C-alpha cells in the first residue's frame, strides 16, 4: 500500500492520496485498506515514516562507507560524494523518495499530524550531515560553531539541489548535481586548510 501512496504523491501530489485513491492504485478494496489504516491521515503518517526510514537507511550505510576510509584520501572524498548523492533524485527510486519526502515535509507546516515525523526526519538527516561534516573537518570539534554552520550550509545546499533537480531536471542533471557537490566539498576543504 505504501508504494501506491508514493506513486500517487509522485504523480499527482499528496492531496490525492486518500484511502479510496490508494486502494484503487493498489488494486484493493477500500475495506482492505481500512483493515490496516482507520483514516487517510494514519496511512499517510505511516507512509511518511517509511520514506524517512528508507532515506535514513541509505544515508547510514553511506556514512559507514565514509567512516571506513582514511580521512583526506580520494576514497574518503569519493565516499562522501556518494553519501551526499543519496539525498538527491538521481535515479527513479531516489526521485520518488525525495518527491514524497519533500511533499510530507512541506505538508507538515500546516498539518500537525505530520509534525512528529517531520521532526524525526530533520533529526535523522541532520545527524548524518553533522557526522559527515566532522569527518570532513577533522580537528574542528572544539569549534562547535563552525561545525553547526557548515552542517546547516550543507543541509541548505542539499535541500536546494533536491528541489531544483525535481523541478528542473533537464537543467539540473545528475552531473550538474555532482559538480555542485564537488564545489561545496572543495569549499569545505579550503575552510579546513584556512584554519
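The values are calculated or read from the model by the stated rules, or taken from the named source; none is laboratory data. Everything quoted here is computed from the prediction, not taken from an experiment. Glycine also receives a Cβ, built like all others from the backbone with ideal geometry; neighbour counts cover every protein chain displayed.
Would you confirm whether or not the stretch 26-41 contains a residue that is part of a helix (DSSP H, G or I), surrounded by fewer than 21 Cβ atoms within 10 Å (Cβ to Cβ) and in contact (Cβ under 8 Å) with a residue 40 or more places away in the chain?
Yes, some residue in the stretch 26-41 is part of a helix (DSSP H, G or I), surrounded by fewer than 21 Cβ atoms within 10 Å (Cβ to Cβ) and in contact (Cβ under 8 Å) with a residue 40 or more places away in the chain.
Between a residue in the stretch 141-152 that is closer than 10 Å to residue 129 by Cβ and any residue that is modelled with pLDDT under 75 and assigned to a helix (DSSP H, G or I), which pairs come within a Cβ distance under 8 Å, given they are 6 or more apart or on different chains?
These pairs meet every condition: 150/191.
Looking at 155, 166, which is the one that is touching a helix residue (DSSP H, G or I) at 6+ places or on another chain (Cβ under 7 Å), more than 18 Å from residue 56 (Cα to Cα) and either touching a residue at least 24 places away in the same chain (Cβ under 8 Å) or assigned to a helix (DSSP H, G or I) (or both)?
Values: 155 fails: more than 18 Å from residue 56 (Cα to Cα).
Testing whether each residue is touching a helix residue (DSSP H, G or I) at 6+ places or on another chain (Cβ under 7 Å), more than 18 Å from residue 56 (Cα to Cα) and either touching a residue at least 24 places away in the same chain (Cβ under 8 Å) or assigned to a helix (DSSP H, G or I) (or both) leaves just 166.
For residue 90, state whether it is in a helix (DSSP H, G or I) and surrounded by 14 or more Cβ atoms within 10 Å (Cβ to Cβ).
No, not satisfied.
Between residues in the stretch 91-104 that are free of Cβ contacts under 8 Å to residues at least 60 places away in the same chain and on the phi > 0 side of the Ramachandran plot and residues that are part of a loop (DSSP other than H, G, I, E, B) and crowded, with 18+ Cβ neighbours inside 10 Å, which pairs lie under 7 Å by C-beta distance while being six or more apart or on different chains?
Matching pairs, first to second residue: none at all.
Pairs needed: first member in the stretch 46-62, free of Cβ contacts under 8 Å to residues at least 12 places away in the same chain; second member anywhere, in a helix (DSSP H, G or I) and surrounded by fewer than 21 Cβ atoms within 10 Å (Cβ to Cβ); C-beta distance under 9 Å; at least 6 residues apart or different chains.
53/124
On the basis of being without any contact (Cβ under 8 Å) to a residue 60 or more places away in the chain, over 24 Å from residue 79 (Cβ atoms), surrounded by 13 or more Cβ atoms within 10 Å (Cβ to Cβ) and in contact with a helix residue (DSSP H, G or I) (Cβ under 9 Å, 6 or more places away or on another chain), does residue 109 make the cut?
No: the conditions fail for residue 109.
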